[in-house]
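Novice: Sharing a structure here in structure tokens format.
Readers should treat all values here as calculations from the given coordinates under stated rules, not as data from a laboratory. From a predicted model like this one, the values you see are computed outputs, not experimental measurements. Neighbour counts run over all protein chains shown; Cβ positions are idealised from the backbone, glycine included.
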Amino acid sequence: MAERITGEMIEYVGILAKLALSEEEKAQAGRDMERMLGYIDLLNEVDTEGVDPMTHLFSVANVFREDVVTNGDGSEAVWAGAPGGVKEGGLKAPRTLE
Amino acid sequence: MECLRWTALELGRRIRAGELTAVEAAQAALRQIDVCEPVLNSFITIDPERVLEQARAVQRGIEEGRFGGALSGAPVAIKDNLCTRGQRTTCASRILGDFTPAYEAEAVARLRRAGAVILGKTNMDEFAMGSTTETSAFGATRNPWSLGRVPGGSSGGSCSAVAGGEAFYALGSDTGGSIRQPASFCGLVGLKPTYGRVSRYGLVAYASSMDQVGPIARSVADCAAVLEVIAGHDPRDSTSLARGDTDFTAVLGRDIKGMRIGIPRGYFGEGLDAEVGAAVRAAAQGLAACGAVVEEFELGLTAYAVPTYYTIASAEASSNLARFDGVKYGYRASGEGLHDMYKRTRSQGFGPEVKRRIMLGSFVLSSGYYDAYYLKALRTKARIKQAFDAAFVRYDLLLGPTAPTTAPALGESLGDPLRMYLGDIYTIGANLAGLPAISVPCGLDSGGLPIGLQLTADCFQEKKLLAAAYAYEQSRPFPLCPMLTAEAGAGGEAADAETRGQGTACERKYICPEQMRREG
């Protein structure tokens, strides 16, 4: 059975999801998640003993290629979309250390 | 405007025959866009000058013999989660509201090489998360069959554009039914190819193990022709598979006598609208009259597809959408330091449905819950795949409804997300198992709304799907959507304000031809 979603759990998930939620959003998220997990618990009826988790539908192997650049230098077009701009070949972001 | 009623193949044939030019076709589509957009809101971005420039280049190419393909010159609408080089690609999200890609999605590039004229980028549920096109940050889209109804989703803009005569065909993407369900609601043919059939390069990822690009059109033949162009291996998508069997139009008209079609009994249970059920059963009889052997059987595990899907899709979404952090591209909020900026950017940039799925996905992947939820869903997915494998030993195709109901009214779905998710019950099995599936119109309900028939085949059996869908379509011609006129457009505008207001966090920035003329 789905556990009751506590305030601490929502705080923790908010950190994992990198979302700053208002108190109202947190309460709503808790209710939504509890209801959805309660529904997902339906899967406990399915016998999956001895069944491997299926991540890929087809048996695809790693695809290797020579490490050779085939595309041109598109860096300027890519940088053009950087919201904080670019400085000395790097994307600008807020300071992480004082 | 007569040409707006033609299929893409009919238009292509007449352009090649010199009856009209690609430029005239593009102008006709732009005029219809001008009439429809104030009401339908099918598009997020349109640049008429760019459209006409492409059309002129394609017309020259046709005259010089460089574009000889069946679809050359036909104007197409592209879902706004497929990257278009130099043209804004928003995923209907505030967080990508001003994002202009530096590269092109492979499916779009293949269309261009085949002489397509790209009209613009269509509205959708934000990041393809939704079933109504109401979670868009650019306002809801209306269903051309009934303006008070949703077009379905998430490829709702692509479908309303094709049904409304604004585009001759469209590309959509389908992770849990996002091509087939809106095609069903809009009286169109929508095809979700086998996972790996079409490159996902340049498709903004939602749930990578299930996302697939596919065509939306007014006929089965159009869908086959578009798939022929976009299918194939692409070294930049290592899940795309190299296969030679892509001559899909070759099977149109093939006899389906003796084809074995299974109807899962569980698809006709609780929750299915009676009129939809009756229309789909009548369609099964229609296929039987074409020579197919149709019978009911027990597929099993049907009730578990929706919870399996939402667990896996949310988990993958939480990982895929981690890249939107305000550093590399897209929207950035101001914040106190890096982490605060990340959180504010994402909180302001994503809408409620996207946040809901990111939260759920983060939870099911988190330490302590990973086994109980995420791995359990992957194990159930394996069981569901086995059930389909067993069915395809006995049957060539499976038949059922595309959606349990016809299009709901605007504004009535988002209040109860779980109820909305349950509407995906018939479509998501194909995504979980990687199967190709098609929605074909099979009637109208008493309110005049289209009903969709879904056919599903085993992996890489698109030809069986198309042969059966074509045979059915030829036996039961379906009416085109009544065309919107300028008068209807003006009448619809007043009623529009209410629904538009819900999703206008982003300013709409497309330019209509009319607006362009006014602005000189």
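Novice: Give me the orientation-averaged projected area of the Cα convex hull of the stretch B:1-151, in nm², one decimal.
Specialist: Values: hull surface 35.4 nm².
Hull-based average projected area comes out at 8.8 nm².
Novice: Let me know the shape class of the stretch A:8-98, please: from the alpha-carbon gyration tensor, a ≥ b ≥ c as square roots of the eigenvalues, rounded when a/c is under 1.5, otherwise prolate if a/b is greater than b/c, or oblate. Intermediate values should be presented prior to the final figure.
Specialist: Working: a/c = 3.55, a/b = 1.28, b/c = 2.77.
It is oblate, given that a/c is not under 1.5 and a/b is not larger than b/c.
Novice: Over 23 Å apart: what share of the alpha carbon pairs of the stretch B:300-417 falls there, rounded to a whole percent?
Specialist: Values: 3563 of 6903 pairs.
Result for the distance tail: 52 percent.
Novice: Cut-off is 10 Å between beta-carbons; in what order do B:TYR195, B:TYR267, A:TYR12 appear when sorted fewest neighbours first?
Specialist: Working: B:TYR195 26, B:TYR267 21, A:TYR12 15.
By the 10 Å Cβ count, ascending: A:TYR12, B:TYR267, B:TYR195.
Novice: In chain B, what percentage of the DSSP-assigned beta bridges are antiparallel, given to the nearest 5?
Specialist: Numbers: 31 of 46 bridges.
Antiparallel bridges make up about 65 percent of those DSSP assigns within chain B.
Novice: Given N residues in the stretch B:154-278, what is Rg(Cα) / (2.2 N^0.38 Å)? Can you show the working numbers first?
Specialist: Details: Rg = 15.8 Å, N = 125, 2.2 N^0.38 = 13.8 Å.
Cα Rg divided by the expected 2.2 N^0.38 Å: 1.15.
Novice: Listed highest first by mean packing, meaning other Cβ atoms within 10 Å per residue, what order do A:57-66, B:109-118, A:39-48 come in? Working shown, then result.
Specialist: Details: A:57-66: 8.8, B:109-118: 22.1, A:39-48: 15.9.
Most protected by this proxy first, the peptides run B:109-118, A:39-48, A:57-66.
Novice: So, one more: Find the eigenvalues of the gyration tensor of the Cα atoms of chain B, then list the square roots of 5 times those eigenvalues as equivalent ellipsoid semi-axes, largest first, in whole angstrom. Walk me through the numbers before you get to the answer.
Specialist: Working: eigenvalues 188, 176, 97 Å².
So the equivalent ellipsoid measures 31, 30, 22 Å along its semi-axes.
Novice: In degrees between 0 and 90, to the nearest 10, how far off the longest principal axis of chain A does helix A:7-16 point, with axes built from Cα atoms?
Specialist: Its long axis makes an angle of about 30 degrees.
Novice: Would you kindly state how much longer the chain becomes between A:GLU45 and A:GLN28 on full extension, computed as 0.36 nm times their sequence separation minus their alpha carbon distance, in nm to one decimal? Write out the running numbers ahead of the final one.
Specialist: Values: separation 17, 0.36 × 17 = 6.12 nm, distance 2.78 nm.
Between A:GLU45 and A:GLN28, full extension yields 3.3 nm more.
Novice: Here is a further query. Averaged over its residues, how many other protein chain Cβ atoms are within 10 Å of peptide B:368-380's Cβ atoms? Mind showing how you got there, number by number?
Specialist: Values: counts 0, 5, 0, 1, 7, 5, 1, 4, 8, 6, 6, 10, 10.
Mean shielding count: 5.
Novice: Please compute the contact order of chain A in relative form: average sequence separation of alpha-carbon pairs under 8 Å and at least six residues apart, divided by the residue count, as a percent. Kindly include the intermediate steps, with their values, before the conclusion.
Specialist: On the way: 31 pairs, mean separation 19.8, N = 98.
Reported relative contact order: 20 percent.
Novice: List the pair-distance distribution P(r) of the stretch B:213-282, using every Cα-Cα distance, as the percent of pairs falling in each 5 Å bin from 0 up to the bin containing the longest distance, rounded to whole percents.
Specialist: 3, 12, 14, 13, 15, 18, 13, 9, 3, 0
Novice: Hey, another quick one. Per DSSP H run of at least 4 residues, take -39500 (n - 2.57); add these up for chain B, divide by its residues and hand me the 222 nm value, nearest 500 deg cm²/dmol.
Specialist: -12000 deg cm²/dmol
Novice: Something else now. Shielding by partners for A:24-35, please: the mean number of other protein chain Cβ atoms within 10 Å of each residue's Cβ.
Specialist: 3
Novice: If you only keep lysine pairs separated by 8 or more in sequence, or across chains, how many in chain B come under 25 Å at the Cα atoms?
Specialist: Final tally of qualifying lysine pairs is 28.
Novice: Averaged over B:302-313, how many beta carbons belonging to a partner chain fall within 10 Å of each residue's beta carbon?
Specialist: Values: counts 0, 4, 5, 0, 3, 8, 4, 0, 3, 5, 2, 0.
Whole-number average of other-chain Cβ neighbours for B:302-313 is 3.
Novice: Follow-up question, since we're still on this one. Exposure proxy check: B:ARG66, B:ARG357, B:ARG254 ranked by fewest other beta carbons within 10 Å? Write out the running numbers ahead of the final one.
Specialist: On the way: B:ARG66 12, B:ARG357 28, B:ARG254 15.
By the 10 Å Cβ count, ascending, the order reads B:ARG66, B:ARG254, B:ARG357.
Novice: In addition: So if R0 is 41 Å, what FRET efficiency would B:HIS233 and A:THR96 give, r being the distance between their Cβ atoms, rounded to the nearest 0.05? Present the calculation step by step, with values, prior to reporting the outcome.
Specialist: Working: r = 42 Å, r/R0 = 1.02.
Taking R0 as 41 Å, the efficiency between B:HIS233 and A:THR96 is 0.45.
Novice: If each residue's Cβ is checked for other Cβ atoms within 10 Å, how do B:TYR470, B:TYR370 rank with the fewest at the top? All intermediate terms of the calculation are to be shown ahead of the outcome.
Specialist: On the way: B:TYR470 24, B:TYR370 14.
Lowest to highest Cβ neighbour count: B:TYR370, B:TYR470.
Novice: First obtain the Kirkwood hydrodynamic radius of the protein assembly as shown from its Cα pairs, then insert it into the Stokes-Einstein equation at 10 °C and 1.306 mPa s, and state the resulting D in µm² per second as a whole number. Can you show the working numbers first?
Specialist: On the way: Rh = 24.5 Å.
Answer, rounded: 65 µm²/s.
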